[in-house]
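Report on the structure given below.
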Amino acid sequence: MNFFIDSFYESLNKYNEELCGDRVEIVRNDDSAIAILADGLGSGVKANILAMLTSKIIATMLANSADIEDAVETIASTLPVCKQRGIAYSTFSILQIFNSGECYLIEFDNPKVFMLRKGKLLDIKRESREISGKLIYESRFDVANEDLFMMFSDGVVHAGIGKTFNLGWQWDNVVDYVCKTYKQDMSAKNMAKLLLSVCNNLYMQKPDDDATVVVVKIRKPLKVNVMIGPPLDSEKDSYVVKSFIKEKGKKVVCGGTTAQIVSRELGREIITDFNYFNPALPPTAEIKGIDLTTEGVLTFMKALEYAVKYQSDDNTALDFLNLNKQDGASRLAKTLLEESTEVHFFVGRAINPAHQNPDFPLELGIKFKLVEEMVSCLKNLNKEVTVEYF
Amino acid sequence: MAMRTIILKLHKPSSIKRKIIEEALIDYNAAYRYLLLKAYHEIDDIRENCKGTAGKYGALNIARWIDKDTRKELSKYGIEPFKDSLELDFGMTLAGYLNLERKQSLINYPLFKEFSKEKGCSEDSAEYVRNSENSLMLRPLYFCRYSINRDFCLLYDNENERYYAKLYLMNNKNMNKRSMMPSDERRTVYIHKSGKDLELSSRKVRFIIVPLSFGKWQEEYLKMGLVNPGIFKTARLVKKGTDYYLSVNLDIEVPAKIETTSFMGVGRGLKNSINYSISDAKGEASKTGFIEMPEVKKNVKNSFSHGELHKIANFIVDEAERNKAWVIVEQLVNKGDRLQWVDEKGKLYAPVLGCHDYNLIVKLLEYKLPAKGLPEPVKVSATEIFSTCPQCGMNTKRNRTSHDMFICTACGKISDIENLGSLNLSRRLIDNGNKAIKIKAERTPSGVKLINSDLGLECVISSPQEINGMLAAEINRTVKEFYDNIQIESTSKNFNKKYSLIKRLQQCEDVLEMVRVTN
């Protein structure tokens, strides 16, 4: 089965705690991807150590094809015993998705993992068994494209307890919110950030417990091809455009001159689109067969701004709303950051003197710098990125 | 200057005073009817000879039709104490009729219903009025002047803080005249520029003095009158059911206009009758609050009493005045605000204040706010105020998770439903002011034509890449041209709309921030 695993996790520390008592590990090996969420007993350093040990042990052992029994026994014998409580305890949830499309879910004392298929809650059949005195729930099933899994610690379920809600947010309400919010084009990062934003607001910005959200989304791989700038040798125009057009996936053209070249070579008209919402940016255009045609440097610069913000730790749920705007930069950013799993840049080496900084050598033209930075952002987001220069 | 009317109840008048009042009303109505009947028979003459210079009819001109003979006839009704008032009252009625008749041909002459002659009463007799159906609908007795020695005036007992009305209702021949001995318990002064004390002796008098009862709102104006007695002008003595009221007209100064610096959204609630939020000019909420009224029981029709609604309105006015806020309210006509909620178990959560009561409060605010120098409340559509996120603007029913909780499905913002409506209301004018001005784009052989007919903007851009610069230049040129030709522009039907668009464009540094180009 050909799919891409889009995963993201984020945590909210208990108020005034430096370290989070929840821990997430995401491991990929040759045949599977494994996401583990562990919640250590208590909070602060002790909880952090318990959770870290738990998640690391499980991740390493399962990635090396060990059995869950072995992993649980190892945890039981490894975790340090709390002097005050006299027990060594950490909850865990494990989601292992194989390249074949099979999925293995193991849960111990964490809030139930839930799954959405086409935006609707799917009931997961669980079987229980005891391993080393722990009641473990196991599930095995096949995944499909656009399936979404969400794992979260009890800090999410109890969000707002005694403040905004008497009994906390509660599992059913969390699921209900996710179902209401779900959109097919929503990334794992967007969903996780949104849920955590709600938790933080419910806790009135002073969480009573660590809260962690892990989102795993199964997606169809999508390659996005971006042509930016005319080739250095104008005689290569036809060749470059043909190479660009025959690629699978979405096609994006950045730059007025580049758009004219594509339009000429394909024999198709460029139609300027005036439904743009940000007059600070030039309008986009339409060329038949091209998914998005934008202006060049200004638009790309703004899209890069969005990309840098997207991958930063300061990124909030509000920032994602910018990606839903209809101006060229927002659409370009959304295509690259949220929709793509693989990006290929066709970079023309011809330099527009209007963009040239006299202090920089030719090869460090603005365009190239922008592309380099964008490539770096996309790689940080675990996307496969390739660049071809002409 | 502005006219205001306050209604003061005559507090428990004795039976003899009731008798005097009742007789005065009946005599007044009989005399009034006599005048109307007589005028009816001479209406053509009045129509011809009592016109004013501008062709309109005025009360004073009409009153001049009443000659010596007519006055002699009027004396039979014992209306000497209020003769001038009666003539003026009659003049106002007939002038109103004649002025309306000039505009509308089909208009009824102002007279009582015909009384059957078989009853044997003369139509113009007091007995007719007393016996007719209309004895229950007596015309109020008009006092045309505020005076110590005639018509009416008010008195004040400083020690006991009580107010009284002095009403001249009897002529010299009236058998009910009696003397009024001064009281050792109170010292009453006239609410008059003279500030004289009320002096009583053993002589029989033609007036009655009745204590008054009223609410706090009326008391404010009476206190104003203590400082400036000149505000009291005219009055009417009214009978409602078995009670009597004095409806006093005051001439008060219009308060100075208050320059508002914030906006106050006033919305309904599920826990509180009213919730309010105050936002500054940038939309930042500075204050929220509510009006509870938990002790109030609704009446049979499940609504609040007028008194309670006035209390709510007064609270809102005080708060708006304190914060120099422009009040924004819900337009609850046809479409509601969707505040009501039914949960999964079928339990209904209904707003404390029904639409009818809320709309009544809005009506009260429409005169109470200007009375304090504040602008009238602005009514805006309320359909989205409980489903729109105050942080990101996302509007969807899915944002509301329960009867009291709002969680935005776009940005995660949470809000208590109680405050959400008023907060969104308080920002509504700011949001509308920030809405982009639409400019239509049309393709032409020579390029793209940009049009906004309200602004009078039309230009052709040959190169779409230069659209920003050229559009900004064209907008600035349009604004300049508007002011250069403002005198001509002001005669255009579209002037107000164009002017408001021009002002919005001028408020931002970059005009392109205020426009949106669409296909």
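Each Cα pair of region A:229-269 feeds into the Kirkwood radius, which the Stokes-Einstein equation turns, at 25 °C and 0.890 mPa s, into a diffusion coefficient of 235 µm²/s. Once the partner protein chains are put back, region B:397-435 shows a loss of at least 40 square angstrom of accessible area, versus the chain by itself, at B:Arg398, B:Met405, B:Ile407, B:Thr409, B:Ala410, B:Cys411, B:Gly412, B:Ile414 (probe 1.4 Å, ligands and nucleic acids excluded).
Using the alpha-carbon centroid of each, what span in Å lies between region B:235-270 and region B:496-513? Taking the Cα centre of region B:496-513 as reference, the centre of region B:235-270 is 37 Å away. Per residue, region B:244-381 exposes an accessible area of 53 Å² to a 1.4 Å probe, with every protein chain left in place. Computed in the context of the full set of protein chains, the accessible area of region B:295-433 at 1.4 Å probe radius has 50% of its extent on carbon or sulfur.
Assuming 0.890 mPa s and 25 °C, estimate D for region A:155-230 with Stokes-Einstein, Rh taken as the Kirkwood radius over Cα pairs, in µm²/s. Diffusion coefficient, whole number: 174 µm²/s. The HN-Hα couplings worked out from phi for region B:193-209 by the Karplus form 6.51 cos²θ - 1.76 cosθ + 1.60 (θ = phi - 60°) are 4, 6, x, 5, 7, 6, 10, 10, 9, 7, 5, 6, 10, 9, 10, 10, 10 Hz, whole numbers, x standing for Gly and Pro. What net charge do the residues around B:Asn275 carry, taking every other residue with its C-beta under 14 Å from that of B:Asn275, with Lys and Arg at +1 and Asp and Glu at -1? Charge balance in the 14 Å sphere: -4. Annotation for the A:B interface, with buried accessible surface near 2300 Å², both sides summed [1.4 Å probe; non-protein components not counted]. Buried by at least 40 Å² relative to the chain on its own: which residues of region A:168-217 qualify, computing accessible area with a 1.4 Å probe on protein heavy atoms? For region A:168-217, once contacts with the other chains are taken into account, A:Tyr177, A:Lys180, A:Asn201 lose 40 Å² or more.
Axis angle, to the nearest 10 degrees, between helix B:495-507 and the longest C-alpha principal axis of chain B: 50 degrees. When restricted to Cα atoms, chain B yields an Rg and a Dmax of 31.5, 103 Å, respectively. Note that region A:117-161 shows a convex hull volume over its alpha carbon atoms of 121 Å³ per residue. Pairs from the table (B:Lys257/B:Lys368; A:Lys180/B:Lys271; B:Lys379/B:Lys435; B:Lys173/B:Lys193) lying more than 20 angstrom apart at Cα are A:Lys180/B:Lys271; B:Lys173/B:Lys193. Put a plus charge on the Cβ of each Lys and Arg, a minus charge on the Cβ of each Asp and Glu, and nothing anywhere else: the dipole of region B:376-447 about its Cα centre is then about 380 debye. Across all C-alpha atoms in region B:233-384, the radius of gyration and Dmax reach 17.8, 61 Å.
When the helices of chain A are scored as -39500 (n - 2.57) per DSSP H run of n ≥ 4 and the total is divided over every residue, the value at 222 nm lands at -10000 deg cm²/dmol.
The modelled label-to-label distance between B:Glu513 and B:Ala54, using points 7 Å beyond Cα along the C-beta direction, is 4.9 nm. For chain B, adding -39500 (n - 2.57) for each run of n ≥ 4 DSSP H residues and dividing by the number of residues yields -10500 deg cm²/dmol at 222 nm. What region A:263-339 shows is 42 Å² of accessible area per residue, with the surface traced by a 1.4 Å probe over protein heavy atoms. Each of A:Leu281, B:Met92, B:Cys389 was placed along the dipole of the protein assembly as shown (beta-carbon charges, centred on the mean Cα), and the one lying farthest toward the positive end is B:Met92.
When you have a sec, figure out the Kirkwood radius of region A:1-75 from all distinct Cα pair distances and drop it here in Å to one decimal?
13.4 Å
The residues neighbouring B:Trp65, those whose beta-carbon lies less than 13 Å from its own, together hold a net charge of -1 under the Lys/Arg +1, Asp/Glu -1 convention.
Carbon and sulfur atoms: what percent of the 1.4 Å accessible area of region B:1-96 do they account for? The partial results should precede the final answer.
Details: 2410 of 4660 Å².
Roughly 52 percent of what the probe reaches on region B:1-96 is carbon or sulfur.
Remark: the protein assembly as shown carries a charge dipole of roughly 4620 debye about the Cα centre, counting +1 on each Lys and Arg Cβ and -1 on each Asp and Glu Cβ. Per-residue extension of 0.36 nm, minus the Cα-Cα distance of A:Tyr389 and A:Asp172, leaves a gain of 72.9 nm for this segment. Which number comes out as Rg/Rh for region A:250-344 once both Rg and the Kirkwood Rh are worked out on C-alpha atoms? Taking Rg over the Kirkwood Rh, I get 0.99.
In region A:88-128, the alpha-carbon atoms span a convex hull of 94 Å³ per residue. Probing with 1.4 Å while keeping every protein chain in the model, the per residue accessible area of region A:32-116 equals 38 Å². Here is the tail figure for region B:464-519: Cα pairs spaced more than 19 Å apart come to 33 percent of all pairs.
Distance distribution note for chain A: the fraction of Cα pairs above 30 angstrom is 48%. May I ask for the net charge around B:Ala382, where only other residues with Cβ less than 11 Å from the Cβ of B:Ala382 are counted and Lys, Arg are +1 while Asp, Glu are -1? My count for the surroundings of B:Ala382 gives +2.
Percent of accessible area on region A:63-119 owned by carbon and sulfur, 1.4 Å probe?
Numbers: 1190 of 2630 Å².
For region A:63-119, the apolar C and S fraction of the accessible surface comes to 45 percent.
With semi-axes defined as the square roots of five times the eigenvalues of the C-alpha gyration tensor, the equivalent ellipsoid of region B:317-411 measures 29, 17, 11 Å, largest first. Pick out which of A:Asp209, A:Asp314, A:Asp237 has the largest mean-square fluctuation in a Gaussian network model of chain A, springs linking Cα atoms closer than 10 Å. Per the Cα network of chain A with a 10 Å cutoff, A:Asp314 tops the list. Per residue in region A:300-333, which ones lose no less than 40 Å² of accessible surface when going from chain alone to all protein chains (1.4 Å probe)? Residues of region A:300-333 that lose at least 40 Å² of accessible area once the other chains are added: A:Leu318, A:Leu321. Of all the options A:Asn380, A:Asn322, A:Asn48, the one that moves most in a Gaussian network model of chain A with Cα springs shorter than 10 angstrom is A:Asn380. Taken as Cα centroids, region A:48-102 and region B:366-442 sit 49 Å apart, rounded to the nearest whole angstrom.
Once Rh is set to the Kirkwood radius over Cα pairs, what Stokes-Einstein translational diffusion coefficient, in µm²/s, holds for the protein assembly as shown at a temperature of 10 °C and a viscosity of 1.306 mPa s?
Details: Rh = 35.6 Å.
Translational diffusion coefficient: 45 µm²/s.
Let me know the charge dipole size of region A:88-137 about its Cα centre in debye, to the nearest 20, where only the beta-carbon of Lys, Arg (+1) and Asp, Glu (-1) is charged.
Result for region A:88-137 is approximately 260 debye, rounded to the nearest 20.
Which FRET efficiency value, to the nearest 0.05, is calculated for B:Val333 and A:Asn16 with the Förster distance at 60 angstrom and r the Cβ-Cβ distance?
Between B:Val333 and A:Asn16 the formula returns 0.70.
The values are calculated or read from the model by the stated rules, or taken from the named source; none is laboratory data. No experiment lies behind these values; they were computed from the predicted model shown. Here the Cβ is made from the backbone with ideal geometry for all residues, glycine too, and neighbour counts use every protein chain on show. Side chains included, ligands, DNA and RNA excluded: accessible areas come from the protein's heavy atoms. Shrake-Rupley method; radii C 1.70, N 1.55, O 1.52, S 1.80 Å.
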